Amino acid sequence: MALAFDEFGRPFIILREQEQKSRLRGLDAQKANIASGKAVSRILQTSLGPKGMDKMLQSPDGDVTITNDGATILEQMDVDNQIAKLMVELSRSQDYEIGDGTTGVVVMAGALLEHAEKLLERGIHPIRISEGYETASRIAFEHLEHIAHKFEFSASDIEPLIQTCMTTLSSKIVNRCKRSLAEIAVKAVLAVADLERKDVNLDLIKVEGKVGGKLEDTELIYGIVVDKDMSHPQMPKQIEDAKIAILTCPFEPPKPKTKHKVDIDTVEKFQTLRQQEQKYFDDMVQKCKDVGATLVICQWGFDDEANHLLMHRNLPAVRWVGGVELELIAIATGGRIVPRFQELTPEKLGRAGLVREKAFGTTKDRMIYIEHCANSRAVTIFIRGGNKMMIEETKRSLHDALCVARNLIRNNSIVYGGGSAEISCSIAVEAAADKYPGVEQYAIRAFADALDAVPMALAENSGLQPIETLSAVKSQQIKENNSCFGIDCNDVGTNDMREQNVFETLIGKQQQLLLATQVVKMILKIDDVISPSEY
């Protein structure tokens, strides 16, 4: 410790901390890293598959999240260890790119690390292990292409898409009405999809939730739902063939930007001021009427006088609508957002076949539905549920289903689920290992064993005997040379995933393999960890 002075003569203390830094080297560092990676994957292992458990996470401010989604669990967990943070990043990148399979990718990476540890103990160099893993992941990647099936769907025949979305939803809390939710997700994606360009803009799908009702009441609205009500209780609750003025300017007299003071010393001056204000409001309301608007949606509020005038002139209005919602309304109705009253023209009005206000239950909650729009490319999924946590979890589950439907529109190849693709890849990698001389062969075999972790976790979570079940399915796949056999998690009585209709997207599975292998290679290459001292 040393005392020094800054340029103002104030003393400060320099602590020499270099000696106190803790440092791990060589095999110890790799083992510590592998242990922290495995710890994270073990947390997620129990929430894999249709019988997977949910996790309950409490944030520092007391909010409780109950979820089964791998990416959400890791986002909410407070992870300090750097290697564990890599696992969080891993599931996040799977979530951003594919949207589904976030749990599987972490379980996969954990299994690869576990098998790498055994090889390190035998004295195999980490670089050789990662090279072997890289080769094996390439073999598995190509094998997935080989066993994938293309399936055709059209705007009229959406059954294949629904089946795949149901597979995604079956591992979530909402699996009792997975059929209806899958249909909603597929219809929503097809409503906004550009099938020629094979592109889907998920921003056009708005997911709204409201506590109350039951999960079965969830509906898809070809239009926009705004969580607001008409600004005056006596305004009409239903407007047909609405022409909508979308405004971002406030309904109030203009205020000077600079500081100002108005001296009023006589009643006449006050009267003229009031009349002037009233004239402003009159002009504003008249402008809206002149262009033919039958509904005004405003981003800002308006005071009671404007409200009263709008009511008198039979011009229904909605106030305090958020910016994102305004944009969606503009997209859906084909209107333009108008920043100044002077710029209102009939061409800038949006059109909707029906605007209605709907009340829920016995509460005073009301929402405005804007339906039958001119451009029906913006849709809303409106979720009902018993409590807030249920609605949040349904939103996450639906997000996964929407992503799966989008991936299938981009690339309509599928592989069979239930661990069958992993078992098939494992057999292929095991067979290919014999062709490689040298130490890599061990790593390729280890990769094949690690692939079995996903079906094994599936079997374990479903309450089956993991090792017996896995070996039975594996021998069945080898005997019949058929890659559709997987773990029968739902006790249907058949291992054939074609009969059970359990599909997963090919790009999702390939992405899982590549991402998991990359992260494991990165972790294996670290041989020295220097961390600051604990104060």
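Run down the aspartates and glutamates and flag those whose C-alpha is under 14 Å from the C-alpha of Lys474, throwing out any fewer than 8 positions away in its chain.
Excluding near neighbours in sequence, the set is Glu422, Glu430, Asp449, Asp452, Asp488, Asp496.
Give me the percent of accessible area attributable to carbon and sulfur for the range 267-309, probe 1.4 angstrom.
Working: 1300 of 2470 Å².
After summing per-atom areas, the C and S share lands at 53 percent.
In square nanometres, what is one fourth of the surface area of the convex hull spanned by the alpha carbons of the range 436-496?
Details: hull surface 18.9 nm².
Over every viewing direction, the Cα hull of the range 436-496 projects on average to 4.7 nm².
In whole angstrom, note down how far apart the Cα centers of the range 457-515 and the range 76-143 are.
Taking the Cα centre of the range 76-143 as reference, the centre of the range 457-515 is 21 Å away.
Rg and Dmax of the range 43-106, Cα atoms, in Å?
Rg, Dmax (Cα atoms, Å): 11.5, 31.
Leaving out ligands, DNA and RNA, what percent of the accessible area of the range 358-445 is carbon and sulfur, probe 1.4 Å?
Summing carbon and sulfur atoms, their accessible area is 51 percent of the total for the range 358-445.
Within the range 89-180, what whole-number % of the accessible surface is contributed by carbon and sulfur, with the 1.4 Å probe and all protein chains included in the calculation?
48 percent
Just name one of Ser424, Thr272, His232: the one whose Cα is farthest towards the positive end of the charge dipole of the chain (beta-carbon charges, Lys/Arg +1, Asp/Glu -1).
Projecting each Cα onto the dipole axis, the largest value belongs to Thr272.
Using the crude model of +1 on Lys and Arg Cβ and -1 on Asp and Glu Cβ, and no other charge, please compute the dipole size for the range 119-199 relative to its Cα centre, in debye to 20.
It comes to approximately 420 debye.
Kirkwood hydrodynamic radius for the range 307-376: how many Å is it when counted over pairs of different Cα atoms?
One decimal place: 13.8 Å for the Kirkwood radius.
Rounded to whole Hz and in sequence order, give me ³J(HN,Hα) for the range 274-287 from the Karplus expression 6.51 cos²θ - 1.76 cosθ + 1.60, θ = phi - 60°, writing x for Gly and Pro.
5, 5, 4, 4, 4, 5, 4, 4, 4, 4, 4, 5, 5, 4
Would you please classify the overall shape of the range 77-135 from the alpha carbon gyration tensor, given that a ≥ b ≥ c denote the square roots of the eigenvalues, rounded means a/c under 1.5, and beyond that prolate means a/b larger than b/c while oblate covers the rest?
Cα axes put the range 77-135 in the prolate bin.
Which one, Val355, Met390, Ile368, is farthest towards the positive end of the dipole of the range 343-390 when Lys and Arg carry +1 and Asp and Glu -1 on their Cβ?
Looking along the dipole axis, the top candidate is Met390.
Report, in degrees rounded to the nearest 10, the 0 to 90 angle that the Cα long axis of helix 388-410 makes with the longest principal axis of the chain.
It is inclined by approximately 70 degrees.
What residues have an amide H closer than 5 Å to that of Gly417, excluding those fewer than 5 places away on the same chain, when H is modeled at 1.01 Å from N in the peptide plane?
Val502, Phe503, Glu504
Does the range 46-181 come out rounded, prolate or oblate, given a ≥ b ≥ c as the square roots of the eigenvalues of its C-alpha gyration tensor, rounded meaning a/c under 1.5 and, failing that, prolate meaning a/b above b/c?
In terms of gyration-tensor shape, oblate.
Which shape class, rounded, prolate or oblate, goes with the range 1-83 when its Cα gyration tensor gives a ≥ b ≥ c as root eigenvalues, a/c under 1.5 marks rounded, and past that a/b bigger than b/c marks prolate?
Cα axes put the range 1-83 in the oblate bin.
Counting Lys +1, Arg +1, Asp -1, Glu -1, what net charge surrounds Arg356 among other residues with beta carbon under 12 Å of its beta carbon? Numbers along the way, then the final one.
Values: positive: Lys237, Lys358, Arg366; negative: Asp229, Glu240, Glu357, Glu371.
Result for the neighbourhood of Arg356: -1.
Would you mind computing the Rg to Rh ratio of the range 216-265 from its alpha-carbon coordinates, Kirkwood style for Rh?
Using Cα coordinates only, the ratio equals 1.19.
With Cβ to Cβ distances under 14 Å as the rule, what net charge do the other residues near Val174 carry (K, R +1; D, E -1)?
The answer is 0.
Give the peptides 4-13, 243-252, 28-37 in descending order of average Cβ contacts within 10 Å, highest first.
243-252, 28-37, 4-13
Mind checking Rg over Rh on the chain, alpha carbons, Kirkwood formula for Rh?
Values: Rg = 30.3 Å, Rh = 27.2 Å.
Using Cα coordinates only, the ratio equals 1.11.
Equivalent ellipsoid semi-axes for the range 405-523, as square roots of 5 times the alpha carbon gyration tensor eigenvalues: give them largest first, rounded to whole Å.
They are 23, 19, 14 Å, listed largest first.
Could you sort Lys210, Lys279, Lys388 by their accessible area in this structure, using a 1.4 Å probe and putting the largest first?
From most exposed to least exposed: Lys388, Lys279, Lys210.
Order the peptides 41-49, 400-408, 321-329, 348-356 from the highest to the lowest mean number of other Cβ atoms within 10 Å of their residues.
In descending order of packing, they fall as 400-408, 41-49, 348-356, 321-329.
What is the dipole size for the chain, taken about its Cα centre, with +1 at each Lys and Arg Cβ and -1 at each Asp and Glu Cβ, in debye to the nearest 20?
860 debye
May I ask you to give the solvent-accessible area per residue for the chain, in square angstrom, as obtained with a 1.4 angstrom probe?
For the chain, the per-residue accessible area is 49 Å².
Helix-only mean residue ellipticity at 222 nm, the chain, DSSP H runs n ≥ 4 weighted -39,500 (n - 2.57), per residue, nearest 500. What is it?
Numbers: 17 runs with 251 residues, N = 535.
About -15500 deg cm²/dmol.
Could you derive backbone 3J(HN,Hα) for the range 100-109 from the dihedral phi with the Karplus parameters 6.51, -1.76 and 1.60 (θ = phi - 60°), listing whole Hz in sequence and x where the residue is Gly or Pro?
9, x, 6, 6, x, 5, 6, 4, 4, 5
What net charge is computed for the residues neighbouring Leu451, neighbours being all others with C-beta under 13 Å from the C-beta of Leu451, Lys and Arg scored +1, Asp and Glu -1? Walk me through the intermediate numbers first.
Values: positive: Arg445, Lys474, Lys509; negative: Glu114, Glu422, Glu430, Asp449, Asp452.
My count for the surroundings of Leu451 gives -2.
Step through the table entries Lys237/Lys348; Lys187/Lys210; Lys228/Lys358; Lys178/Lys509; Lys210/Lys358, compare each Cα-Cα distance with 19 Å, and write down the pairs that go over it.
Among Lys237/Lys348; Lys187/Lys210; Lys228/Lys358; Lys178/Lys509; Lys210/Lys358, the Cα-Cα distance tops 19 Å for Lys237/Lys348; Lys187/Lys210; Lys178/Lys509.
The values are calculated or read from the model by the stated rules, or taken from the named source; none is laboratory data. Note that this is a predicted model, so its numbers are computed, not measured. Heads up, the Cβs are rebuilt from the backbone with ideal geometry, glycines too, and the neighbour counts pull from every protein chain shown. These accessible areas exclude ligands, DNA and RNA; they are computed on the full protein's heavy atoms, side chains included. Shrake-Rupley method; radii C 1.70, N 1.55, O 1.52, S 1.80 Å.
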